[in-house]
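The values are calculated or read from the model by the stated rules, or taken from the named source; none is laboratory data. This structure is a prediction, so every number in the text was calculated from the model and none was measured. So basically every Cβ, Gly included, is an ideal-geometry build from the backbone, and we count neighbours across all protein chains shown. Side chains included, ligands, DNA and RNA excluded: accessible areas come from the protein's heavy atoms. Shrake-Rupley method; radii C 1.70, N 1.55, O 1.52, S 1.80 Å.
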Amino acid sequence: MRRAAVPLLALTVGVVLADSAIVTLALPEILHHLGGSVAQVAWVLIAFNLVLALVVVPAAWACERRPAPLGAAGIAVFALASAACALAGSMQVLIAARCVQ
């Protein structure tokens, strides 16, 4: 089972790092298109990092027991939340979707 966990963990870390870099580059466009405040745009990044910090240890503990199904479910939820971020019509929806990610 541990052999399945290592590639899944590497994929997860890669996706999280890529997502953070992409969102950071998109912040000026997000501010322009959704018309929020600078504080709201900051929360687009903060919400993701805050929730990630809160759930990473319990998620790692759960994935240690069943890496493949929980890891795949986590990636699926991340993908759906990413779609919600792309379709967000307001800063509030975007921040909520970033929390789910």
When restricted to 25, 80, 52, the only residue assigned to a helix (DSSP H, G or I) and either touching a helix residue (DSSP H, G or I) at 6+ places or on another chain (Cβ under 6 Å) or modelled with pLDDT under 90 (or both) is 52
Pairs, first more than 18 Å from residue 57 (Cα to Cα) and assigned to a loop (DSSP other than H, G, I, E, B) in the stretch 1-21, second at pLDDT below 80 and open to solvent by less than 80 Å² (accessible area, probe 1.4 Å), C-beta under 7 Å, six or more apart: 1/67
How many residues does the stretch 8-53 hold that are in contact with a Cys (Cβ under 6 Å, 6 or more places away or on another chain) and farther than 17 Å from residue 88 by Cα? 1
Cβ pairs under 6 Å, 6+ apart or interchain, first in the stretch 48-69 and in contact (Cβ under 8 Å) with a residue 60 or more places away in the chain, second open to solvent by less than 80 Å² (accessible area, probe 1.4 Å), ordered by first then second residue, are 67/4; 67/5; 67/8; 68/4
Just to be sure before I move on: is residue 86 of a type in the set (Gly, Ala, Ser), surrounded by fewer than 16 Cβ atoms within 10 Å (Cβ to Cβ) and under 13 Å from residue 101 (Cα atoms) in the structure I sent? yes
Do you know which residues across the stretch 54-80 are aromatic (Phe, Trp, Tyr) and open to solvent by less than 50 Å² (accessible area, probe 1.4 Å)? 78
Per-region count, the stretch 90-101, residues open to solvent by 70 Å² or more (accessible area, probe 1.4 Å) and either closer than 20 Å to residue 18 by Cα or outside any helix (DSSP H, G or I) (or both): 1
Which of (1) over 16 Å from residue 99 (Cα atoms); (2) in contact (Cβ under 8 Å) with a residue 24 or more places away in the chain does residue 27 not meet, given it meets every other one? (2)
Check the stretch 23-34 and report whether any residue there is of a type in the set (S, T, N, Q) and either under 10 Å from the mean Cα position of the chain (by Cα) or open to solvent by 80 Å² or more (accessible area, probe 1.4 Å) (or both). no
